[in-house]
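The values are calculated or read from the model by the stated rules, or taken from the named source; none is laboratory data. Quick caveat, the model's predicted, so the values are computed rather than measured. We place every Cβ from the backbone using ideal geometry, glycine too, and count neighbours over all the protein chains shown. Note: areas computed on protein heavy atoms with side chains; ligands, DNA, RNA excluded. Shrake-Rupley method; radii C 1.70, N 1.55, O 1.52, S 1.80 Å.
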Amino acid sequence: MSKRDYYEVLGVQKSASEAELKKAFKRLAMKYHPDRNQDNETEAEKKFKEAKEAYDVLSDKNKRTAYDQFGHAGVDQSTGGRGGGGSASFSDIFGDVFGDIFGTTGQGGRRAYRGADLQYNLNIPLEDAVHGTTVKIRIPTKVACHHCNSTGAKPGTSPTTCSTCNGSGQVRMQQGFFSVQQTCPTCHGNGKVINDPCDQCHGSGRLEEQKTLSVKIPPGVDNGDRIRLNGEGEAGEHSGPPGDLYVQIHVDPHPIFERDSADLLCLVPINITTAALGGELEVPTLDGKVKLKIPAGTQTEKVFRLRGKGVRPVRGGHQGDLLCRIRVETPVNLTSAQKKLLEELSESISGHPGKKHSPHEHSWMDRVKQFFEDKF
């Protein structure tokens, strides 16, 4: 069967740097780790060896040049089959990879694991999202146990080598003609056993604590944005590196403004007098009040744009605008005198029919008339 393209195997472009190759291989190595694929170790082993072979070639400058020029034919002899098979066991290969490249051997020789990433949902008002702020949050997390220096063993003692697997973390079970390798049931793959656990962490090497952090919210963040705090997640097991903390932003609804990307929307109600005669209003912005001139004859749903009164996006770009949408209100709870004035106004307007005073009404009535003539 023909081999897959090495760049395709690692999921990188042909122009990928050494750092990008290493990152891609680390991701695949973690994905096909035997502890994560106990239900399908055979397929995981196949995928890992394929990725290892690709990384061995592309991480070597001379081999990569030969591969880029001649394809698999240029490197088949130079790889020597090391990535696709060889005498080394799957666990041996993983031990080399995670020890040499990823540094996953913890204190006392136990396999170290990166701590879990955490997520914190943070609600902030629109003003803070637009202008930026600093917020203190308190999160429950797991930190390295200082009593045992995260070894899990009682101070003064140390983990001992597992007698079942002799420290390899794996055991081989013979089933007829087949030999099956499994995670050691005694040490659960750690290679070490704690005979006298720490009184504080009970052998886990980690403690549960509440941690207070200051989170800097940059100006322009929006709903769904995430802020990553490197190394502020859970402590790793057996002195492994800590995970990260992801702060998920949720912007609270605002009583006046609604955000639309970089723009802010604002509904502005006005009375019929201002709409008919025109005038000047004070409208709010997130930076204070501004004057908005209303021309005579302004209709409902008319939108006025105030340049630069919106949001400057967190990822850069021009500052948005404030869009003021007009809503003309019909007066309610009128007095007799007010009703009489409106009736007089109505009679005055009715005496001049046509487009002069109600252009939209006139054009709508024309369409209705045409509709009935065509239909009936």
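Peptides 241-248, 286-293 ranked from most to least packed by the mean count of surrounding Cβ atoms within 10 Å: 241-248, 286-293. Close amide-amide hydrogen proximity is noted between SER150 and CYS145, each under 5 Å apart and 5 or more residues distant or on a separate chain (H modeled in the peptide plane; Pro and chain starts excluded). Amide H to amide H distances under 5 Å link VAL328 with ILE270, THR300, GLU301, where only residues 5 or more positions off or on other chains count and H is placed in the peptide plane. Ordering THR161, THR141 by accessible surface, largest first, gives THR161, THR141; the 1.4 Å probe counts only protein heavy atoms, with every chain in place. Summing charges over all other residues whose Cβ lies under 12 Å from the Cβ of GLU18, with Lys and Arg as +1 and Asp and Glu as -1, gives +2. Working ranking of peptides 117-130, 45-58 by packing, defined as the average number of other Cβ atoms within 10 Å per residue, highest first, is 45-58, 117-130.
Summing charges over all other residues whose Cβ lies under 12 Å from the Cβ of GLY156, with Lys and Arg as +1 and Asp and Glu as -1, gives -1. Backbone geometry of the stretch 184-189 corresponds, through the Karplus equation with coefficients 6.51, -1.76 and 1.60 at θ = phi - 60°, to 3J(HN,Hα) couplings of 4, x, 7, 9, 6, x Hz, x marking Gly and Pro.
The alpha carbons of the stretch 221-361 give a radius of gyration and a Dmax of 24.9, 91 Å, in that order. Taken per residue, the accessible surface of the stretch 264-343 reaches 66 Å², heavy atoms only and a 1.4 Å probe. Among the listed pairs LYS26/LYS46; LYS340/LYS369; LYS31/LYS52; LYS46/LYS192; LYS26/LYS61, those with a Cα-Cα distance over 21 Å are LYS340/LYS369; LYS46/LYS192. Sorting the Cα pairs of the stretch 281-329 by distance into bins of 5 Å, from 0 upward, gives 5, 18, 26, 22, 14, 9, 4, 2, 0 percent per bin. Put simply, the amide H of GLY240, placed in the peptide plane, has neighbours under 5 Å in TYR113, leaving out anything fewer than 5 places away on its chain. Under the convention that each Lys and Arg Cβ holds +1 and each Asp and Glu Cβ holds -1, the size of the dipole of the stretch 147-263 around its Cα centre is about 760 debye.
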